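The values are calculated or read from the model by the stated rules, or taken from the named source; none is laboratory data. Please read all numbers here as calculations on a predicted model, not as lab measurements. Reconstructed Cβ throughout: ideal geometry from the backbone, glycine too, with neighbour counts over all protein chains shown. To get the accessible areas, we keep the full protein, side chains included, count just its heavy atoms, and leave off ligands, DNA and RNA. Shrake-Rupley method; radii C 1.70, N 1.55, O 1.52, S 1.80 Å.
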Number of protein chains: 2
Amino acid sequence: MQTDTERNFKDKLYEQFARIGKSLSNPHRLEILELLAEGERCVEDIAEITGTTIANTSQHLGVLRASRMVEIRRIGNNINYRLADENVFYLLQSLRALGETRLAEIDRITRDYLEDRASLRAVTASELADELVNGNVILLDVRTVEEFQEEHIQGALSMPMETIENNLYNLPKSREIVAYCRGPYCVLSDHVVAYLNTQGYSARRLSDGYPEWKWRGFPVEIGGKRLDA
Amino acid sequence: MQTDTERNFKDKLYEQFARIGKSLSNPHRLEILELLAEGERCVEDIAEITGTTIANTSQHLGVLRASRMVEIRRIGNNINYRLADENVFYLLQSLRALGETRLAEIDRITRDYLEDRASLRAVTASELADELVNGNVILLDVRTVEEFQEEHIQGALSMPMETIENNLYNLPKSREIVAYCRGPYCVLSDHVVAYLNTQGYSARRLSDGYPEWKWRGFPVEIGGKRLDA
DNA sequence: CAACTATTTTAGAAAATAATTGAATAGGTT
DNA sequence: AACCTATTCAATTATTTTCTAAAATAGTTG
């Protein structure tokens with residue numbers, strides 16, 4: 001029923017696809033990929049953020065590079081890693097979608113940590129894009145100033161979480177507010193939205209955070225430069 | 001900057017996602033998943049088609065079951081395995097898309113094997129769905145009769161590859177023909193389409209085969225029963 | 001060019017995974 | 001109930017992966 005050439009073809013083919021699968025088989029590498037979905041980072045930063053040693057991080061990055069999922073760029077003394085293209089992000093999203101629907105453990109873990117997210121209203125990237133055009137929404141980037149300067153959604157205001165309280169006078173209650181942060185597992189915008197709601201604002205969170213916005217091709221500013229879809 | 005709870009959360013979270021990643025890290029398991037995307041199969045069949053032993057196949061299926069990517073159903077003496085839901089298929093598609101765009105090796109391997117595919121016209125699942133409604137297209141299922149009986153696209157004619165020649169008189173040249181087979185790496189429809197074109201027909205192949213059609217929710221018949229989108 | 005810095009490589013130990021074989025089991029079938 | 005059959009389990013061996021610490025490297029900066 002099956003020819004040798006066909007078997008040989010499939011063996012070689014799936015061996016190649018498994019290179020990508022192997023890259024996805026380690027928790028650290030998944031965390032690195034998710035981190036890089038936010039923007040490029042140097043090895044040292046990746047190591048610190050993910051709580052591993054530099055040597056170990058370097059090895060994981062090597063694996064990711066061998067499977068062509070990430071690319072590098074030298075900046076001064078640093079080597080910055082970034083996702084190779086939008087297909088990598090889409091793959092991560094599919095993985096996340098599957099995990100969230102099929103693995104009860106993930107549901108339990110996120111529920112424990114993202115306690116009150118269920119009570120907060122969310123807006124998807126494309127919904128927000130529409131609302132921004134109409135112009136009746138204030139968009140808050142609640143990550144750190146450094147992250148904002150690195151890159152952010154076009155038209156967003158930098159408002160790191162801890163600065164909110166002192167800046168309420170800048171926020172008119174007449175307008176809708178949307179807050180965003182790093183990604184789907186970041187709680188910064190949850191806190192801000194919950195707080196603003198207690199203060200009488202109508203606030204929502206961007207559902208999947210900055211990476212989703214960026215990789216779907218919605219307009220961003222990177223290093224001060226505007227990049228449109 | 002990072003709290004213990006946050007690190008602990010991320011460690012537990014990515015450990016779970018890595019369960020799925022690990023499932024994707026072995027070539028045999030990828031081939032099994034792709035096979036199951038066509039429809040459910042018992043262990044013995046999976047082993048034979050993928051060219052491995054039953055015990056080995058059983059172990060790989062065990063891994064896939066532990067990560068909730070496949071489910072089982074007992075039929076008589078057999079245990080049939082199937083994809084757990086459409087998210088598994090979408091993940092496979094993302095993996096395929098990434099591999100095909102980023103890994104030069106995959107391009108080379110598929111080009112060698114699918115020699116003349118580039119010269120054949122293809123039609124996507126949603127395009128075909130539209131054309132079928134308009135009714136001016138003949139749809140040929142060129143897989144085996146057994147596979148057709150198991151499940152097929154609603155409205156398709158069973159026309160196993162080796163029966164084409166003797167059935168040309170049944171195919172009016174006035175109508176467009178579309179042929180489909182197992183999946184993106186199956187060559188059956190390539191051969192049929194190429195042959196029909198030499199015989200003066202206007203024939204195209206369904207771009208990603210039966211699995212794409214099925215999991216995107218287009219109408220199929222499974223075991224003689226119609227299932228609409 | 002020398003010194004420095006960020007990153008990669010190497011080597012080695014521990015842990016995890018994969019394939020093989022043969023025995024065990026759970027279900028249906030007779 | 002005894003029997004069959006398809007599948008799983010268990011034990012073993014070979015291979016691969018992960019991590020650490022130390023050494024090496026490449027590229028930038030002074």
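Which one is most open to solvent (accessible area, probe 1.4 Å) among residues in the range A:160-188 that are assigned to a helix (DSSP H, G or I), of a type outside the set (Asp, Glu) and within 13 Å of chain B (Cβ to nearest Cβ)? Step by step, filter the range A:160-188, then rank; the result is A:MET161. Within the range A:136-179, the set of residues being among the acidic types (Asp, Glu) and over 19 Å from A:GLY200 (Cβ atoms) comprises A:ASP141, A:GLU146, A:GLU147, A:GLU150, A:GLU151, A:GLU162. When you check A:GLY62 against the structure, is it without any contact (Cβ under 8 Å) to a residue 12 or more places away in the chain, surrounded by fewer than 19 Cβ atoms within 10 Å (Cβ to Cβ), more than 7 Å from chain B (Cβ to nearest Cβ) and under 21 Å from B:GLY21 (Cα atoms), yes or no? Yes: the conditions hold for A:GLY62. Of all residues in the range B:13-36, none are farther than 24 Å from B:ASN87 by Cβ, within 22 Å of the chain's Cα centre (by Cα) and more than 8 Å from every other protein chain (Cβ to nearest Cβ). Exactly one residue among A:ARG143, A:ARG102, A:ARG96 is outside the structural domain of A:LEU30 (by TED's automatic domain parsing) and touching a Cys at 6+ places or on another chain (Cβ under 8 Å), and that residue is A:ARG143.
Residues that are open to solvent by 20 Å² or more (accessible area, probe 1.4 Å), part of a helix (DSSP H, G or I) and either more than 14 Å from every other protein chain (Cβ to nearest Cβ) or closer than 19 Å to B:TYR14 by Cα (or both) within the range A:189-213 comprise A:ALA194, A:TYR195, A:ASN197, A:THR198, A:GLU212, listed in sequence order.
On the basis of being farther than 30 Å from B:GLU162 by Cβ, surrounded by fewer than 22 Cβ atoms within 10 Å (Cβ to Cβ) and not hydroxyl-bearing (Ser, Thr, Tyr), does A:ALA18 make the cut?
Taking the combined requirement at face value, the residue does not satisfy it.
Per this entry, A:GLU86 is not counted among residues that are of a type outside the set (A, V, I, L, M, F, W, C), farther than 29 Å from B:MET69 by Cα and within 13 Å of chain B (Cβ to nearest Cβ).
Selection over the range A:150-159 of residues that are surrounded by fewer than 19 Cβ atoms within 10 Å (Cβ to Cβ) and in a strand (DSSP E or B) gives a count of 2.
For the condition more than 14 Å from every other protein chain (Cβ to nearest Cβ) and either open to solvent by 20 Å² or more (accessible area, probe 1.4 Å) or touching a residue at least 40 places away in the same chain (Cβ under 8 Å) (or both), B:ARG7 does not qualify. Residues in the range A:120-146 that are within 14 Å of chain B (Cβ to nearest Cβ) and touching a Lys or Arg at 6+ places or on another chain (Cβ under 8 Å): A:ARG143 only. Can you confirm whether A:THR57 is near DNA strand D (Cβ under 10 Å from one of its atoms), in a loop (DSSP other than H, G, I, E, B) and at pLDDT 95 or above? No, not satisfied. Residues that are of a type outside the set (Asp, Glu), farther than 22 Å from B:LYS10 by Cα and either surrounded by fewer than 17 Cβ atoms within 10 Å (Cβ to Cβ) or in contact with an Asp or Glu (Cβ under 8 Å, 6 or more places away or on another chain) (or both) occur in the range A:139-147; there is at least one. For the range B:27-50, a tally of residues being farther than 21 Å from B:GLU150 by Cβ and open to solvent by 30 Å² or more (accessible area, probe 1.4 Å) returns 2. Could you tell me whether any residue of the range B:103-119 is away from chain A (no Cβ under 14 Å), touching a strand residue (DSSP E or B) at 6+ places or on another chain (Cβ under 8 Å) and open to solvent by 70 Å² or more (accessible area, probe 1.4 Å)? Scanning the range B:103-119, I find no residue that is away from chain A (no Cβ under 14 Å), touching a strand residue (DSSP E or B) at 6+ places or on another chain (Cβ under 8 Å) and open to solvent by 70 Å² or more (accessible area, probe 1.4 Å), so the answer is no.
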